[in-house]
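Notes follow once the structure below has been shown.
The values are calculated or read from the model by the stated rules, or taken from the named source; none is laboratory data. Note that the structure is predicted; figures quoted are calculated from it, not measured. Cβ placement follows ideal geometry from the backbone for every residue including glycine, while neighbour counts extend to all protein chains displayed. Calculation scope for accessible area: heavy atoms of the full protein, side chains included, ligands and nucleic acids excluded. Shrake-Rupley method; radii C 1.70, N 1.55, O 1.52, S 1.80 Å.
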Amino acid sequence: MSSHLMPTYPPQPVTFVRGEGTRLWDDQGNEYLDFLSGLAVTGLGHANPVVADALNEQARTLLHVSNLFATQPGEDVAATLDELLGGGGLVFFCNSGAEANECAIKLARKFGGRGKHVVVSAYGSFHGRTLATLHATGQPQKHEVFQPLPEGFRHVAWDDLDALESSLDPSVAAVLLEPVQGEGGVNPATAEYFQGVRRLCDERGILFMVDEVQTGLGRTGKWFGFEHFGVRPDVVTMAKALGNGVPIGACWARADVASAFEPGDHATTFGGQPLATAAARAVLGEMRRLDIPSAAARAGDRLMAALAETPGVAEVRGLGLLVAAQLEEGRDAKAIAADCLAAGLVVNAVTPTALRLAPPLNVSDAEIDDAVAILTKVLA
Ligand SMILES: Cc1ncc(COP(=O)(O)O)c(C=O)c1O
């Protein structure tokens, strides 16, 4: 069958038609263990019945009224997110991770004022594909064909406080960092780094913005990745897991920062509409009921310990259930990921030499053992 899709994604040998929990089925009836969760999205597993029921009920009640009118599901989700983030903040809803970061960048510019607009981020980071978030993304090879990009972005070496300090001048409005660089290869920050960034930002009146699009909502074994490092950011962005597959993103900011926005400064037609926020409300309710961060921490320990024992794996890194298996020299991660897929395990090559594993946060011990058994066979 010829495809009518733009060639932005490489062709894949399988077409998935159904999912349930950690399992996927393709159009040939083959079953797979999904240890990628749609890139850290389906944290509660595929076809989660609580989320499906919430969507069904909301679809039959009220789908959309535009942001000219607030609706209850959005208010409920914003209140829960603020509580999980320690309180004292306000939320803007959007539809994706890039849009959540776009909101953060615009907020930093408005809060900083004219001349204090630069956002500093790290090499190896990933913050999105819109023109501004692409420039925030610290991967110059992704920039070149789209030049000129919006100005006001600067990149520094990852996890290097001296490099960051020397980049901070009065034009800097904000520092934007991931707690674990996800797309960059699953590289966790250190507590010393995040604490040092917090101190520098406080000393110089700069916002510390944390991109929790991939790490947020239990993925790292805590509600938010920054909690591992004993700091509180001024701005937090999230998306992926918030809707368990329903597109929704959010930008949270300290109330005094958020108040820099006035009506008309920022908006989106679909952001925070009742269908998406009904899904997010169900997701957050289930995550709380199941204590998903603790479950992810426990499961992450099991997965990392098993991978560390797997022949062909040189190193295991990550936090909670955001894990990379660095392969031994000479191994091609793309080829191994393709072999895993053929053997019934979905993972991806996060770098040319490392696999990323990010199963649902409620993955069972047996599913972890089965996934590692498939990988072991493939690597053998
Ligand atoms: C840390 C981080 N920020 C932002 C994004 C962009 O999110 P989206 O693809 O929903 O725009 C991603 C996507 O992988 C991400 O991992």
Out of GLN58, GLN72, sole residue that is over 22 Å from the mean Cα position of the chain (by Cα) and crowded, with 18+ Cβ neighbours inside 10 Å: GLN58
State yes or no: is ARG232 part of a helix (DSSP H, G or I), basic (Lys, Arg) and within 24 Å of CYS103 (Cα to Cα)? no
Consider only pairs whose beta carbons are under 7 Å apart and that are at least six residues apart or on different chains; among these, list those whose first residue lies in segment 295-318 and is at positive phi and whose second residue is of a type in the set (Asp, Glu) and at pLDDT 95 or above. GLY312/GLU328
Number of positions in segment 363-376 that are out of contact with any Pro (no Cβ under 8 Å at 6 or more places or on another chain) and under 14 Å from LEU307 (Cβ atoms): 7
Report yes if some residue within segment 349-356 is among the basic types (Lys, Arg) and farther than 18 Å from VAL378 by Cα; otherwise report no. no
If I filter segment 268-285 for residues that are closer than 30 Å to THR61 by Cβ, assigned to a loop (DSSP other than H, G, I, E, B) and either open to solvent by less than 20 Å² (accessible area, probe 1.4 Å) or basic (Lys, Arg) (or both), do I get at least one hit? yes
How many residues does segment 129-172 contain that are in contact with a Lys or Arg (Cβ under 8 Å, 6 or more places away or on another chain), within 14 Å of the ligand (Cβ to nearest atom) and open to solvent by 60 Å² or more (accessible area, probe 1.4 Å)? 0
Search result, residues across segment 352-380 that are open to solvent by 30 Å² or more (accessible area, probe 1.4 Å), farther than 19 Å from LEU24 by Cα and not in a helix (DSSP H, G or I): PRO352, THR353, ALA380
Go through the residues of segment 91-109 one by one and say whether even a single one is more than 28 Å from LEU284 (Cβ to Cβ) and either among the acidic types (Asp, Glu) or more than 12 Å from the ligand (Cβ to nearest atom) (or both). yes
If you take just the helices (runs of 4 or more DSSP H) that sit entirely in segment 60-151, which of them hold at least 2 residues that are free of Cβ contacts under 8 Å to residues at least 24 places away in the same chain? 72-84, 131-136
Test: residue in segment 255-264 that is under 27 Å from ASN48 (Cα atoms) and either within 16 Å of the ligand (Cβ to nearest atom) or part of a loop (DSSP other than H, G, I, E, B) (or both): no
Where the second residue is hydroxyl-bearing (Ser, Thr, Tyr) and more than 10 Å from the ligand (Cβ to nearest atom) and the first is more than 17 Å from ARG254 (Cβ to Cβ) and at pLDDT 95 or above and lies in segment 211-239, which pairs have Cβ atoms under 7 Å and are six or more apart or on separate chains? HIS228/THR220
For segment 180-189, check the following and say yes or no: at least one residue is over 17 Å from TYR123 (Cα atoms) and away from the ligand (no atom under 12 Å from the Cβ). no
Quick check on PHE126: is it within 12 Å of the ligand (Cβ to nearest atom), open to solvent by 10 Å² or more (accessible area, probe 1.4 Å), among the aromatic types (Phe, Trp, Tyr) and under 20 Å from the mean Cα position of the chain (by Cα)? yes
Those residues of segment 24-52 which are more than 15 Å from GLY218 (Cβ to Cβ) and open to solvent by less than 30 Å² (accessible area, probe 1.4 Å) amount to LEU24, ASP26, TYR32, LEU33, ASP34, PHE35, LEU36
For segment 1-58, give me every one of the strands (runs of 3 or more DSSP E) that falls completely inside it and has 2 or more residues that are farther than 18 Å from VAL347 by Cβ and in contact with a Phe, Trp or Tyr (Cβ under 9 Å, 6 or more places away or on another chain). 16-20
